[in-house]
Amino acid sequence: MKCPIQLAAWLLRGSLLFVIFTLTASFTPSLSAQPLSQEPGGAKVESPAACSQAQYRMGVIPKQDEENEIYFGTPPNPDGPTLVDLGLFLDEISAINAVDEQFAIEGYLDLLWCDPREAFDPAEVGVTHKVYVEADAAAKLAEIWWPDIEIVNEIGGRSTKNQELIVAADGTLEYSERFSSVLENHFELLRFPFDRQQLEVEIESFAWDADFLIFHVETDKIGFSDKVEPVAWQIESVTTQMEIVQEIRDRAPFSEFLLTISVARRSGFYVWKVLAPLLLLVFIVWAVFWLGVLFTGILSIVAYQFMLTGGLPPVSYFILTDSLIGYSFLFMVLTVVENVYMSTLHSGGQEARAERLDRLCRWLFPASYAIGLVVIVALYLLP
């Protein structure tokens, strides 16, 4: 029986190496996909949304003064959509909750647009820029036209901590705010704990569709701090995309800014605290093939099941970890069944037959288990 036993050992060793290699590769961050990381600000680049670049015709739109009504409901460009530069810099990404399908962010939002109705003579006013902060900024925005942006997938609205509005003499407006928000997001946990997720931040105007407003990415203000490090996750990359989208509830298509953050779960905790003990437990139960009748393994199975209950995401579909645990428990149960049958043979005086069955199971069980592990891991993790 040496050849079958050696074959089983070879299969088990090879399959475990394959599993370890596949699992390691699945949660090792890609070195080629480097995230954009920078601090807000930097070299000043002339925005195409500034009045020096986008000079809107005043047309029949009256300039606001004491004799005219406020014009916060009238876009500044009478000939087409107003171009709005948008920047988003994230200071923190936290509370990534795959079960509740949400995550939290903190950061800076920057908007820049041209409204010639806000132009003024620096010689008369005495300054080249009017600066409004906090409550004054909010009050000024209530009096004029502005993009009226919202984060589409936010839960309960964003919390604005600081606000600043700067009005240049030519009518260029720059709005900045520091905010925090909880966002909903779809999570696919099929490969848990070796899953990768796409965290999305969707921004569009609440009031103005694409006929009145078009976003333009302010690239020097897009990114996240190099201090951002979500607990249990590794940031792999960040991408931006401009889209024209129309939801069922929308009356017309809207210009939408989409920031996508690719993250990979740090799987070391689950590998060493869940999967490695599981494999070890399976090997321990197989000791019955050498040590004779042994029932204490079933107690270990029950204890391990209780330990795992609080550590896995309670989702309705089978994830990789569920399949590995279920498959391992199946082999433990089969081992117990074999052990009971062995006991019956010994009680009936069929020791020779029991010994032959034991020798068969010594290589059949490990070989079958190893092949099954390779198949399960390949089905979940390989493209």
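Among the residues of segment 203-226, are any modelled with pLDDT of 90 or more, crowded, with 20+ Cβ neighbours inside 10 Å, out of contact with any Ser or Thr (no Cβ under 9 Å at 6 or more places or on another chain) and closer than 14 Å to PHE254 by Cα?
Yes, because at least one residue in segment 203-226 is modelled with pLDDT of 90 or more, crowded, with 20+ Cβ neighbours inside 10 Å, out of contact with any Ser or Thr (no Cβ under 9 Å at 6 or more places or on another chain) and closer than 14 Å to PHE254 by Cα.
In segment 227-251, how many residues are modelled with pLDDT of 85 or more and acidic (Asp, Glu)? Write out each step before concluding.
Filtering segment 227-251 down to residues modelled with pLDDT of 85 or more leaves 232-245.
Checking the rest, the ones that are also acidic (Asp, Glu) come to 236, 243.
Residues meeting the conditions: 2.
Restricting the search to segment 148-167, which residues are free of Cβ contacts under 8 Å to residues at least 60 places away in the same chain and on the phi > 0 side of the Ramachandran plot?
Of everything in segment 148-167, those that are free of Cβ contacts under 8 Å to residues at least 60 places away in the same chain and on the phi > 0 side of the Ramachandran plot turn out to be GLY156, GLY157.
Counting just the residues of segment 252-275 that are touching a helix residue (DSSP H, G or I) at 6+ places or on another chain (Cβ under 9 Å) and among the small types (Gly, Ala, Ser), which one comes out modelled with the lowest pLDDT?
Taking the candidates together, the pick is GLY268.
Going by the conditions given, is VAL182 touching a Gly at 6+ places or on another chain (Cβ under 8 Å) and either among the hydrophobic types (A, V, I, L, M, F, W, C) or more than 30 Å from VAL125 (Cβ to Cβ) (or both)?
Yes.
I want to confirm something. Restricting to segment 323-339 and keeping residues that are within 31 Å of the chain's Cα centre (by Cα) and not polar (S, T, N, Q), which single residue is surrounded by the most Cβ atoms within 10 Å (Cβ to Cβ)?
LEU324
If I ask for residues that are crowded, with 17+ Cβ neighbours inside 10 Å and either outside the structural domain of ILE105 (by TED's automatic domain parsing) or not in a strand (DSSP E or B) (or both), which ones from segment 171-189 would you list?
GLY171, ASN185, PHE187, LEU189 - these are the residues of segment 171-189 that are crowded, with 17+ Cβ neighbours inside 10 Å and either outside the structural domain of ILE105 (by TED's automatic domain parsing) or not in a strand (DSSP E or B) (or both).
The values are calculated or read from the model by the stated rules, or taken from the named source; none is laboratory data. Keep in mind it's a predicted model, so treat the numbers as computed, not measured. Positions of Cβ are backbone-derived with ideal geometry, glycine not excepted, and every protein chain shown enters the neighbour counts.
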